[in-house]
Amino acid sequence: MPPRATHRLRVVIVPGRVGSISAHEAFEGLDAIALCGQAEDVRVHDGDREFFLGNEQGGFHVRCPVTGEPAARPFAHALQTWREGGPREMDCPCGAHHDLAAMDLQPPAAFSARWIELCEPAELEPRHGTLLDERWPGWTSLVVRG
Ligand SMILES: [Zn+2]
């Protein structure tokens with residue numbers, strides 16, 4: 001089995017809201033393959049199940065969106081519970097209940113069932129941004145390693 005590339009830079013583009021058009025539709029005409037060089041470096045995912053997309057390795061910070069208090073540990077626990085079928089929410093150190101997606105995550109992360117993943121891409125050009133603004137309003141791109 002060939003070694004898996006584990007230190008490649010990946011850019012994951014996610015829609016801004018639930019109910020957006022599919023990643024395959026959003027991807028059409030984006031010419032993402034040209035950004036990466038080869039088709040195998042582009043992955044387009046449309047699923048029914050949400051995934052947590054982010055870098056969970058060292059340097060991942062979670063803060064309460066209201067008070068700014070660190071909340072990495074309760075977030076990690078709640079994330080695990082959510083992955084096991086629990087609600088996508090947590091009891092925050094501030095005393096409130098937050099949607100996990102509402103937490104202040106640094107570097108940015110997202111919950112999504114659809115995304116476009118680009119491996120070692122060239123910089124997105126303004127036309128890519130314009131297309132994505134039309135198709136996935138509020139889209140974000142996350143940088144993930146590994
Ligand atoms: Zn809080």
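The values are calculated or read from the model by the stated rules, or taken from the named source; none is laboratory data. This is a predicted model, so every value here is computed, not measured. In this analysis, Cβ positions are derived from the backbone assuming ideal geometry, glycine residues included, and neighbour counts consider all displayed protein chains.
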Item to check | Qualifying residues in the stretch 70-86 (those that are assigned to a loop (DSSP other than H, G, I, E, B) and surrounded by 12 or more Cβ atoms within 10 Å (Cβ to Cβ)) - the one nearest to the ligand (Cβ to nearest atom) | outcome: ALA71
Checklist entry - Quick one: what pairs do we get from the stretch 98-111, first residue touching a residue at least 60 places away in the same chain (Cβ under 8 Å), second within 16 Å of the ligand (Cβ to nearest atom) and of a type in the set (A, V, I, L, M), C-beta under 9 Å, 6+ apart or different chains? => result ALA110/ALA101; PHE111/LEU100; PHE111/ALA101
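Per-residue answers, yes or no, for (1) farther than 27 Å from GLY129 by Cβ; (2) surrounded by 13 or more Cβ atoms within 10 Å (Cβ to Cβ); (3) more than 16 Å from the ligand (Cβ to nearest atom); (4) modelled with pLDDT under 95:
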| site | (1), (2), (3), (4) |
| --- | --- |
| GLY29 | no, no, yes, yes |
| CYS36 | no, yes, yes, yes |
| ARG49 | yes, no, yes, yes |
| GLN57 | yes, no, yes, yes |
| HIS97 | yes, no, no, no |
| PRO107 | no, yes, yes, yes |
Item to check | Tally, over the stretch 109-135, of residues that are surrounded by fewer than 14 Cβ atoms within 10 Å (Cβ to Cβ) and of a type in the set (Lys, Arg) | outcome: 1
